[in-house]
Amino acid sequence: MSAWSCPHDLDGICQRVRGAICSPGMRGCELEGKVRFALDEFNEPRKPVKARPAETRPEPKPGAAAAPRRRLPF
């Protein structure tokens, strides 16, 4: 057996099919139709599944001092 890691997978989110959960062989994937998987369910055409949106930062409380903005060196 061999191992393979997709270059478009970033923390489980596909960068090629924007906003989709990485599932090798799904529609739009680089591997679609090029390889055969050991599990038959992965060999059938599949639609991409949308990933949950990233968690947002909590808003600061009214009257609280705002964090200083980072200054760039140029």
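Just so you know, all these numbers are worked out from the coordinates, no wet-lab data involved. Given the structure is predicted, the values throughout are model-derived calculations rather than measurements. Quick reminder, even Gly has a Cβ in these numbers, built from the backbone with ideal geometry, and neighbours come from all protein chains shown.
Summary table below
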read-out: Whole-Hz ³J(HN,Hα) from phi, Karplus 6.51 cos²θ - 1.76 cosθ + 1.60, for the range 7-23, glycine and proline x; value: x, 9, 8, 10, 6, x, 10, 6, 8, 7, 9, 3, x, 9, 5, 5, 9
read-out: Exposure proxy order (Cβ contacts within 10 Å, fewest to most) of PHE42, PHE37; value: PHE37, PHE42
read-out: Total formal charge among the other residues, if their Cβ is under 10 angstrom from that of CYS6, Lys/Arg +1 and Asp/Glu -1; value: -1
read-out: Placed amide H near ILE13: partners under 5 Å, 5+ positions off or other chain; value: CYS22
read-out: Equivalent ellipsoid, the range 1-50 (semi-axes from 5 times Cα gyration tensor eigenvalues, Å); value: 17, 13, 9
read-out: Mean separation of Cα contacts under 8 Å (6+ apart) over length of the range 1-50, as relative contact order %; value: 30
read-out: Linear extension gain, ASP9 paired with PHE42, 0.36 nm per residue minus alpha-carbon span; value: 10.2 nm
